[in-house]
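Written out below as structure tokens is the structure these notes cover.
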Amino acid sequence: MRYLTFSPPGSTTKQLGVMFQDEFVIELTNIRPNMSMLEFIEAGPRLWEESEQLAQSNGGGDKPKRWIKEAVSIHPALSNPPSLRDFYAFEQHVATSNANRGREIPKAWYEIPVFYFSNPNAIFGHEQEVPIPKSTQEMDFELEVAAIIGKPGRDIPADKAMQHIFGFTIFNDWSARDVQRQEMSVGLGPAKGKDFASSLGPFIVTPDELEDKSDGRPGVYELEMIARINGNECSRGNWKDIHYSFGDMIARASADVLLSSGDVIGSGTVGTGTLLEITKAKGPWLQRGDVVEFEIERLGILRNRVV
């Protein structure tokens, strides 16, 4: 299933929906009117199964409403997650980022998957404009994938992590590099270099849609990841190149704490998936009017203009 939050043509009301045959958006208001994506995820497997049956029925007397996908407005797949953790799990990105600072990968990176908390209240969706912070001259993007927690859990073993994942989505971890560099020189962060914007979407894709592309590790798939600026490809990587699986990340994130339904777990940037890497931290950086487009195989295309 590919779930989304959308508004029908001529409306600003946000509704739950699913993509059908990559052509139509089917509304899920028959399941429960005015339900948010977070409420839907929190409701659990029984309601998820009911929604799948409704979408697959796509016919009969009580057929749900549907629209051509180009006619609807797509909102953030999940606009109000309880928390947003972003990991640092692709070795190529870690190596290049550290080389740009004149150092090797820290030994500890190979010992534990590390993450930081970002701002769950600054989420943008597909085709939304993302403001460049007033404080930066070095606006950047980061091409990532994120897992959305479905089943809450604490101290989750890596090999059981897939039982707790509702689905996956494309994640743009927008970054203000000059701000980030300054604050991290103190030994803390990133914080203000990151907390102004994150993009999620356009869909949340359930794991069964990706199963045939699994490389055997929990939450790792052989799927292409591409970034474009103003229509020109600038980065290409593959999800399978990740060093730490989503199983590893969820085991770390849930150690001694409860992960809640709707929590977002970001992968960190795929190799070459940011201007920091591509330009060796020298720019040029994103400018107002630039359109950043991420495409991940089977997860769709996430597009934003910076303003």
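Annotations
- Index of the failed condition, residue 34 passing every other in (1) surrounded by 16 or more Cβ atoms within 10 Å (Cβ to Cβ); (2) over 22 Å from the mean Cα position of the chain (by Cα): (1)
- When region 98-148 is limited to residues that are of a type in the set (Val, Ile, Thr) and part of a loop (DSSP other than H, G, I, E, B), the one that is surrounded by the fewest Cβ atoms within 10 Å (Cβ to Cβ) turns out to be 112.
- Contact annotation: no residue pair with Cβ atoms under 7 Å, 6 or more positions apart or on different chains, pairs a residue in region 41-52 that is not assigned by TED's automatic domain parsing to the domain that holds residue 31 with a partner that is part of a helix (DSSP H, G or I).
- Any hit, region 173-193, residues being within 16 Å of residue 82 (Cβ to Cβ), surrounded by fewer than 21 Cβ atoms within 10 Å (Cβ to Cβ) and free of Cβ contacts under 8 Å to residues at least 40 places away in the same chain: no
- Output for region 44-65, where each listed residue is surrounded by 10 or more Cβ atoms within 10 Å (Cβ to Cβ), charged (D, E, K, R) and at pLDDT below 80: 63
- Among (1) more than 22 Å from residue 15 (Cα to Cα); (2) touching a Pro at 6+ places or on another chain (Cβ under 8 Å); (3) of a type in the set (A, V, I, L, M, F, W, C); (4) part of a strand (DSSP E or B) - the single one residue 170 does not satisfy: (1)
- Every residue from region 58-100 that is charged (D, E, K, R), in contact (Cβ under 8 Å) with a residue 40 or more places away in the chain and more than 18 Å from residue 201 (Cα to Cα): 65, 66, 91
- Any hit, region 103-124, residues being within 19 Å of residue 289 (Cβ to Cβ), assigned by TED's automatic domain parsing to the domain that holds residue 281 and in contact (Cβ under 8 Å) with a residue 60 or more places away in the chain: yes
- Region 292-307 - residue that is assigned to a strand (DSSP E or B) and either touching a helix residue (DSSP H, G or I) at 6+ places or on another chain (Cβ under 8 Å) or aliphatic (A, V, I, L, M) (or both) and, of those, farthest from residue 220 (Cα to Cα): 306
- Selection from region 199-216 of residues that are surrounded by 23 or more Cβ atoms within 10 Å (Cβ to Cβ) and either touching a Pro at 6+ places or on another chain (Cβ under 8 Å) or farther than 14 Å from residue 78 by Cα (or both): 199, 200, 201
- Cβ-Cβ under 7 Å pairs, at least 6 apart or on other chains, region 195-216 side more than 30 Å from residue 177 (Cα to Cα), far side at pLDDT 95 or above and among the small types (Gly, Ala, Ser): 205/167; 206/167; 207/167
- For region 7-24, a residue qualifies if it is closer than 17 Å to residue 78 by Cα and surrounded by 14 or more Cβ atoms within 10 Å (Cβ to Cβ), and the qualifying residues are 7, 14, 15, 16, 17, 18, 19.
The values are calculated or read from the model by the stated rules, or taken from the named source; none is laboratory data. Model, not experiment: these values are computed from the prediction. Virtual Cβ from ideal backbone geometry, glycine too; neighbours counted across all protein chains shown.
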